[in-house]
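Remarks on the structure that follows.
The values are calculated or read from the model by the stated rules, or taken from the named source; none is laboratory data. Computed from a predicted model, the values in this text were never measured in an experiment. Because the Cβ atoms are built from the backbone with ideal geometry, glycine has one as well, and the counts that use them run over all protein chains shown.
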Amino acid sequence: MADRPLKLRELRRILAKYGVWEDTSKGKGSHTTFLRQMGGGVFSYPVPTSRNDALQCYVTGCRKKFKLREQDGITDADFYS
C-alpha cells in the first residue's frame, strides 16, 4: 500500500500514536509543525493547513522524517490502522 492523502485530523491522530506532537505556534501562515523527539534531538516537519487534506507528499515526508516507514519497522498496515 502506498501513502495516500489524509484528512489533517486523521494525520494528527496517526502521528500521535508514534509520539509526534503538533505545535501550531511554530508554523508560519497556513502551516503547522509536527515534532518528534528521536535520538536526543527534536525533529520537525511543516504541513500546510490551508486545506482539510494533507497531500500524499506531506504524508510521505512525515513518515520519512519521523522514521515511520517499512524500513524503520512500521508497516503501512500498522501506520494506517
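Under the condition of being touching a strand residue (DSSP E or B) at 6+ places or on another chain (Cβ under 8 Å) and hydrophobic (A, V, I, L, M, F, W, C), which residue from region 32-53 is surrounded by the fewest Cβ atoms within 10 Å (Cβ to Cβ)? Top of the filtered list is Val42. Filtered by the rule that a residue be hydroxyl-bearing (Ser, Thr, Tyr), within 17 Å of Asp53 (Cα to Cα) and either modelled with pLDDT under 90 or touching a Cys at 6+ places or on another chain (Cβ under 9 Å) (or both), region 2-39 gives Thr24, Ser30.
State whether one or more residues within region 60-73 are among the aliphatic types (A, V, I, L, M), outside any helix (DSSP H, G or I) and modelled with pLDDT under 95.
Residues of region 60-73 among the aliphatic types (A, V, I, L, M): 68.
So of that shortlist, the ones also outside any helix (DSSP H, G or I) come out as 68.
Adding the requirement that they be modelled with pLDDT under 95 leaves none.
Looking for residues that are among the aliphatic types (A, V, I, L, M), outside any helix (DSSP H, G or I) and modelled with pLDDT under 95, one finds none in region 60-73, hence no.
Give region 32-59 a look and list any residue that's of a type in the set (Ser, Thr, Tyr) and outside any helix (DSSP H, G or I), or say none. Hits for region 32-59 are Thr32, Thr33, Ser44, Tyr45, Thr49, Ser50. A Cβ distance below 8 Å, combined with a sequence gap of six or more or placement on separate chains, defines the contacts here; from region 68-81, residues that are among the small types (Gly, Ala, Ser) reach residues that are surrounded by fewer than 14 Cβ atoms within 10 Å (Cβ to Cβ) in the pairs Ala77/Met1. Is region 20-31 home to any residue that is out of contact with any strand residue (DSSP E or B) (no Cβ under 8 Å at 6 or more places or on another chain), loosely packed, with under 15 Cβ neighbours inside 10 Å, of a type in the set (S, T, N, Q) and not in a helix (DSSP H, G or I)? Checking region 20-31: at least one residue is out of contact with any strand residue (DSSP E or B) (no Cβ under 8 Å at 6 or more places or on another chain), loosely packed, with under 15 Cβ neighbours inside 10 Å, of a type in the set (S, T, N, Q) and not in a helix (DSSP H, G or I).
Scanning region 33-49 for residues that are out of contact with any His (no Cβ under 7 Å at 6 or more places or on another chain) and free of Cβ contacts under 8 Å to residues at least 24 places away in the same chain returns Thr33, Leu35, Gln37, Gly39, Gly40, Gly41, Val42, Phe43, Ser44, Tyr45.
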